[in-house]
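Taking it in order: structure first as structure tokens, then the write-up.
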Amino acid sequence: MAKKKYIVNPSTGLRVIIGSPTPHEVLAGEVLLSGEEKIADYFSMENRPASYVYDFGDYWEHKIQLEKVLLRENNIEYPICIKGKRACPPEDCGGVWGYAELLEIIKNPEHEEYEEMMEWLGGEFDPEHFDVKEISFDDPDKRRKIAFG
């Protein structure tokens, strides 16, 4: 499933979609290629919010707010994650409601679905875990080559 970001274009006032589109979405002009758009053209101190939707099946919507712009530092490969909270929900867990149900199940070893869920999770899952050093970013050029050949 393609990942897409919705953001207001400050020049037009219209909502635009930026992402990793399917070939159909490229031909139809529905989605702007993320590798060709500059975030600075959309985010500014006057145009701070954006919405990012991951997995349209589970519909994980993330609200993003620009807080400040920092100077680029030498010898740092961007983008970087500077902080975060909690573990990412497992893939295909059913969106917000499915994830809430999963959390209820795994906090109760007596729950009838506990063993099944823990096996599905690979034996362990700590929803409170977050380590900024574990965050990595995909190479958009590599992803584009896989998608379009």
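Values in this text are rule-based calculations from the coordinates and carry no lab data. What you see is a predicted model; the values in this text were computed from it and never measured. Every residue, glycine among them, receives a Cβ derived from its backbone with ideal geometry; neighbour counts consider all protein chains shown.
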For the ranges 77-85, 7-15, what's the packing order if you count other beta-carbon atoms within 10 Å of each residue, average per peptide, and put the highest first? 7-15, 77-85
To the nearest 20 debye, what is the magnitude of the charge dipole of the chain about its Cα centre, counting +1 on the Cβ of each Lys and Arg and -1 on the Cβ of each Asp and Glu? 1220 debye
To make sure I understand, if each residue's beta carbon is the centre and we count other beta carbons within 10 Å, what order do Ser44, Ser51 fall in, fewest to most? Ser44, Ser51
Specify which residue in the list Gly98, Gly57, Thr12 is farthest towards the positive end of the charge dipole of the chain, using unit charges on the beta carbon of Lys, Arg (+1) and Asp, Glu (-1), about the Cα centre. Thr12
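Only helical DSSP H runs with n ≥ 4 go in: add -39500 (n - 2.57) per run for the chain, normalise by residue count and round the 222 nm mean residue ellipticity to 500 deg cm²/dmol.
Mean residue ellipticity, 222 nm, calculated: -6500 deg cm²/dmol.
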With x for Gly and Pro, the residue-by-residue ³J(HN,Hα) of segment 120-137, computed from phi through the Karplus equation 6.51 cos²θ - 1.76 cosθ + 1.60 at θ = phi - 60° and given in whole Hz, is 4, 7, x, x, 7, 6, 10, x, 8, 6, 8, 9, 4, 5, 8, 7, 9, 10
Taking Rh as the Kirkwood radius computed over C-alpha pairs, what is the Stokes-Einstein D of the chain at 37 °C in a medium of viscosity 0.692 mPa s, expressed in µm² per second? 181 µm²/s
Given Cα pairs under 8 Å that are at least 6 residues apart, what percent is the relative contact order of the chain? 19 percent
Could you derive backbone 3J(HN,Hα) for segment 90-104 from the dihedral phi with the Karplus parameters 6.51, -1.76 and 1.60 (θ = phi - 60°), listing whole Hz in sequence and x where the residue is Gly or Pro? x, 4, 6, 8, x, x, 4, 6, x, 5, 4, 5, 4, 4, 4
Ordered by packing density, taken as the mean number of other Cβ atoms within 10 Å over each peptide's residues, highest first, how do 119-129, 88-98 rank? 88-98, 119-129
